[in-house]
Every structure is written in C-alpha cells, then in structure tokens.
Amino acid sequence: MFCGSSKMTADESSFRSTAPWHNLFLRAQLLVRLRAFFQQRGFIEVETPLLSADTVVDCHLDPFAVTAYSDPTKPHVGSTYWLQTSPEFGMKRLLADWIVDADRHCSLPSSLAIFQVTKAFRAAEVGSQHNPEFTMVEWYKQNESYQDAMQFLSQLAEQLLSLGPAQLTSYRKAFQNALGIADVHAASIAELQQAASQRKLDIPESLRTADKDSWLNLLMAMVVEPTLGRTAPTILFDYPASQAALAQLHNDESGTTVAARFELYVQGIELANGYFELLDPEELERRNHTANQIRQSEGRFTLPARSRLIDAMRSGLPSCSGVALGFDRIVMIAAGASKIDQVIPFPWHRA
Amino acid sequence: MASYNTSDFRKGLKVQIDGDPYLMIECNFVKPGKGNALYKCRLRHLLRNTVLDRTYKGGDTLEAADIVEIEAQFLYRQGETFVFMDNESYEQYELSGDQVDDGWKYLKEGMACSMMLFNGNPIAMSPPNHVVLKVEYCEPGAKGNTATNVTKPVKVETGAEFQCPAFINQGELIKIDTRTGEYVERVKE
C-alpha cells in the first residue's frame with residue numbers, strides 16, 4: 001500500500017519576493033555601511049566588465065558562456081564571452097595598469113586600493129547557501145601583507161556583523177581540532193579515508209579512487225566547516241599548496257610549503273576567500289594547464305588558458321592582497337536567515 | 001535507461017538505488033568555494049517508507065525510476081494473489097499479498113484504486129481514502145448506547161477486523177479511513 005501523490009498546482013504567487021522586506025531593508029543598510037568602510041580607508045570603487053572574453057580557469061567553477069552575436073538572424077554565431085565567476089581578472093588588470101607609468105598620476109595616492117560590489121555567476125550552484133547569480137564584494141590593496149589582509153578582513157566583518165574580531169586558525173589546526181589529524185599537509189589519502197570512516201561519513205562511490213584534494217574537500221565540507229566560526233568569526237589560513245588557486249606559495253613556521261590563502265567563516269558558513277596574490281605569469285599558466293587537465297578528465301569543457309590577465313602579469317602586477325566576500329551570505333548572518341532565498345528577492349527558481 | 005545528473009537533483013525526483021524506487025525528499029548542495037560540489041540527499045523508499053541518507057559528488061548520476069500511477073479496479077483475489085485491471089488499457093495486473101500489504105482489508109470486488117507501476121511492473125496499490133464495508137460479524141450492540149468512545153472489534157466482509165463503537169450491529173455498513181484504519185461513521189444503505 002502507498003499514499004497516492006497529490007497533483008502539483010501552478011504557483012500563482014511566484015512573482016513575489018522570497019525575501020521578507022525587513023531583510024531587504026537590512027541588505028540596503030549593510031551595503032551603505034560596507035561602502036563607507038572602504039571609502040573611509042582610502043579605497044576607490046571601480047567597475048569592470050561582467051561579460052568578458054577571459055575567465056578564471058578553475059577545476060570547480062563553471063562559468064556561463066554567452067554567444068556575442070552581431071547578426072540577429074544568427075544568434076548562435078559569434079565569439080564566446082563569459083559571465084564572470086569573480087571580478088578578479090579585471091581588477092588585477094587595473095592594478096597592473098596603475099604601475100605601468102606610475103609617475104604620470106602624481107596628484108593621486110602613492111599606492112592603489114580598489115573595491116567593487118558586483119554580480120558574479122557560477123553555473124549549477126543552487127542550494128541553501130548558493131544562487132547561480134550572487135553579489136560579490138572584492139577588493140585589492142597594493143603593498144598589503146598577508147597578515148594585514150587578514151586583519152583588514154577581520155575589521156570589515158566586525159563592522160558589518162558586530163560579532164567581534166576574528167580568531168585566526170591555520171588549516172592544519174582546524175583539521176587537528178575537528179578530526180584529530182595531526183598534520184593534514186603530510187597526511188596520506190589512507191589517513192584521510194580512515195578519519196572519514198571513523199566519523200561514519202557517507203562517502204560517494206565516485207570519490208573512493210579520488211585524489212587527496214577531493215578527500216580534503218569532503219572532510220572540509222562535512223566535518224570541519226560546520227565547526228568554524230561558532231563562538232567568534234574564524235579566519236582559516238595557510239591552505240594546502242594544491243589548493244592555492246591564485247595565491248602565492250610560502251613556507252609556514254614548520255617549513256611546509258602552503259598557500260598564502262585565507263577564508264572567513266561565521267557560524268559554519270564560508271563568507272570570504274583571500275590571497276596574498278600570485279604575481280608570476282608562468283606559474284599561473286602552469287596552474288591553468290593543470291586545472292584544464294582536471295576539467296578534461298572529469299568531462300567538463302576546458303577554459304581559455306590565455307588571457308589578458310597573463311599579459312598584465314607579464315607587464316607587472318604590484319605586490320598586493322585581494323579578497324572576495326559573498327555579500328548575500330553576510331546579509332544571511334546579519335538577518336539570522338538559514339537560506340539565501342531569504343535575502344535575495346528573486347532567486348534562481350524565480351529569476 | 002534514463003538517468004539524472006547531480007545538476008538535475010531536486011526534491012521530488014524519483015530514482016532507483018540498488019533496484020529499489022526512491023523519492024528524493026531533500027537535496028542539499030554543499031560546496032567549499034574552491035572545492036568540488038557535494039550533494040547531501042535524503043531519499044525515501046517508495047514502498048517501505050524507510051529513509052536513506054546519501055552523499056553524491058558533482059557529476060555523479062542516479063538512474064531514473066520510471067514510476068507511474070494508474071487508476072485501476074480490483075477484480076478478484078485468488079489465494080495470495082490479487083488481480084487488478086487498468087481502467088484505461090484494460091490490462092490485468094497481479095500483486096502479491098506482500099505488495100498489497102494492509103490493502104487487503106479494504107478490497108472489495110470492483111473497487112476503484114490507484115496502482116503504482118515501477119518500470120512497467122505493478123508494485124503497490126492504494127485504496128480510496130474512505131471505503132464502506134459491510135459488518136459480517138460482531139457482538140450485538142448495546143441498545144441505547146450511542147457513545148463512540150466504547151469500542152468493540154467488528155469483522156467485515158473482507159475478513160478484516162476494525163474497532164468500532166459498541167452500537168454497531170451485524171449487517172450494517174461502516175465507513176473506514178484507509179490511511180489510519182479507523183472507523184469514521186455508520187452509513188445508511
């Protein structure tokens with residue numbers, strides 16, 4: 001015996017906002033406070049293209065492709081443009097441009113600090129904390145150190161959320177605390193698998209033969225992340241070198257090569273990702289090549305390895321740090337919302 | 001066989017795991033900014049109602065379960081075999097006693113019910129929410145006792161027993177809610 005299903009009825013109220021108005025007012029207030037924070041610290045707001053011939057090459061980020069047609073009778077013929085997954089390329093090109101002839105802008109500040117509030121797009125990311133179109137705040141500061149960048153992020157979080165300054169925890173320490181793995185950077189895949197089975201985690205069949213990063217990601221997402229930022233905001237730093245993305249590598253206090261990359265967590269939610277930025281164009285080309293190889297092995301389309309960012313880095317990118325912050329999630333925390341739909345009026349299924 | 005990719009995963013999807021049909025009742029997308037996507041799913045077995053928690057990695061697939069609900073008529077019972085007929089195609093389907101489950105208590109010849117077909121094969125049936133059954137045997141009703149909180153067991157025409165108010169008599173018709181197996185009211189002929 002089973003219970004017969006009831007037929008779905010068409011939802012006639014789907015024109016309405018999924019976010020309550022008090023959340024939309026809070027969102028507007030936070031945006032004002034955010035802009036004031038940057039302006040008070042000498043940042044200028046910039047705008048770079050949402051739609052670009054270049055795109056970030058990442059194994060796990062899928063950009064939307066747009067055909068830039070010129071003949072309206074053939075809308076499928078034209079070159080491919082990408083909706084940005086973050087404004088990183090455009091903003092770094094501005095930094096590189098700034099130092100091309102720095103002496104030309106003598107009436108301007110000696111070092112550049114830029115921020116942007118923009119839409120970013122990531123295909124197929126729909127969930128309680130994800131919407132394929134979302135609002136990203138990204139900033140870069142010339143000559144800012146890794147440590148200073150983390151302090152700055154902590155201050156911004158404090159300003160917006162009033163939850164106090166962030167605690168700094170290394171990636172290694174977080175795995176020690178949550179899983180009892182002494183040194184996650186040195187750990188073998190077998191040790192990670194053992195930690196997962198001790199936790200009785202349900203392991204996807206397809207992950208059983210996967211590489212170390214996939215196992216780290218699984219443990220991160222299922223065990224470590226939910227514990228982060230519970231008592232105070234937490235900044236996790238010194239990621240595995242294999243997860244550097246566009247961060248520089250450096251040696252930590254134990255002499256291990258790690259990525260100068262950090263992330264902000266509040267109440268188990270990932271809010272921001274920052275780098276002490278990679279400056280070497282050849283290293284970026286190598287990382288792009290590796291990312292494309294992984295994409296290909298997973299049956300995903302490859303992304304253009306050549307880009308104007310590489311040209312900009314060849315010309316010279318000043319030493320800088322950069323951070324991307326998910327603004328919708330900031331509003332979620334401030335509003336006490338458990339779903340991103342509660343802070344975006346028209347999420348994906350109503351867009 | 002059709003299959004669903006993780007990007008198709010959503011609440012309400014009917015899928016097949018180890019040959020059994022499941023309904024996806026929850027699907028949580030989890031993804032560290034720079035890591036691979038994971039889908040934490042909760043699935044309900046369409047027949048046993050047991051719940052299964054499974055995690056999938058972006059790009060994984062699940063076989064689609066071809067589940068169809070049809071309107072049918074109960075024809076007759078032969079031992080432990082129950083025979084139904086599809087109202088549209090007139091095709092006959094058989095269910096075992098296990099598959100009919102508690103349904104046998106309500107099945108009268110000619111009764112309309114729904115059937116679930118899984119990959120074209122009948123796997124379960126569902127009687128209407130309310131059925132009217134004739135009382136075949138019970139202790140005589142206490143005259144004047146109209147209280148509904150005093151109950152007694154009553155045997156109906158299908159051979160099943162239900163708890164009914166003490167005033168019910170042999171030969172009378174009673175309405176039963178098939179979702180709970182509870183007495184609803186006495187019905188006049």
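Here, each number is a calculation from the coordinates, and none is a lab measurement. No experiment lies behind these values; they were computed from the predicted model shown. Positions of Cβ are generated from backbone atoms using ideal geometry, with glycine treated the same way; all protein chains shown enter the neighbour counts.
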- request: With viscosity set to 1.002 mPa s and temperature to 20 °C, compute the Stokes-Einstein D of the stretch B:67-126, Rh being the Kirkwood radius across alpha carbon pairs; µm²/s, no decimals.
  value: 193 µm²/s
statement: Ranked from fewest to most other Cβ atoms within 10 Å of their own Cβ, B:Cys138, B:Cys41 fall in the order B:Cys138, B:Cys41
statement: Per the helix-only model, the protein assembly as shown has a calculated mean residue ellipticity at 222 nm (DSSP H runs of ≥4, -39500 (n - 2.57) each, divided over all residues, rounded to the nearest 500) of -6500 deg cm²/dmol
statement: Dividing the mean separation of Cα pairs under 8 Å (6+ apart) by the residue count of chain B yields a relative contact order in percent of 14 percent
task: Under a 10 Å cutoff between Cα atoms, tell me which one of A:Ser111, A:Ser319, A:Ser214 has the largest fluctuation in the Gaussian network model of chain A.
output: A:Ser214
Candidate aspartates and glutamates - alpha carbon under 15 Å from B:Lys105, same-chain residues fewer than 8 apart omitted: B:Glu80, B:Glu136, B:Glu157, B:Glu161, B:Asp177, B:Glu182
- line: About its Cα centre, chain B carries a charge dipole, from +1 on Lys and Arg Cβ atoms and -1 on Asp and Glu Cβ atoms, whose size in debye to the nearest 20 is 980 debye
statement: Hull volume per residue for the stretch B:130-187, using the convex hull of the C-alpha atoms, in Å³ is 69 Å³
field: Least to most buried among B:Thr178, B:Thr61 (fewest other Cβ within 10 Å first)
entry: B:Thr61, B:Thr178
- prompt: Picking from A:Ser17, A:Pro240, A:Tyr140, whose Cα lies most toward the positive end of the charge dipole for chain A (charges on Cβ: Lys, Arg +1; Asp, Glu -1)?
  reply: A:Ser17
- prompt: Summing Lys, Arg as +1 and Asp, Glu as -1, what charge do residues with Cβ under 14 Å from the Cβ of A:Ser52 carry, A:Ser52 excluded?
  reply: +1
field: Shape parameters for chain A, alpha-carbon atoms, Rg then Dmax in Å
entry: 21.5, 81
field: Burial ordering of B:Tyr76, A:Tyr81, fewest other beta-carbon atoms within 10 Å first
entry: B:Tyr76, A:Tyr81
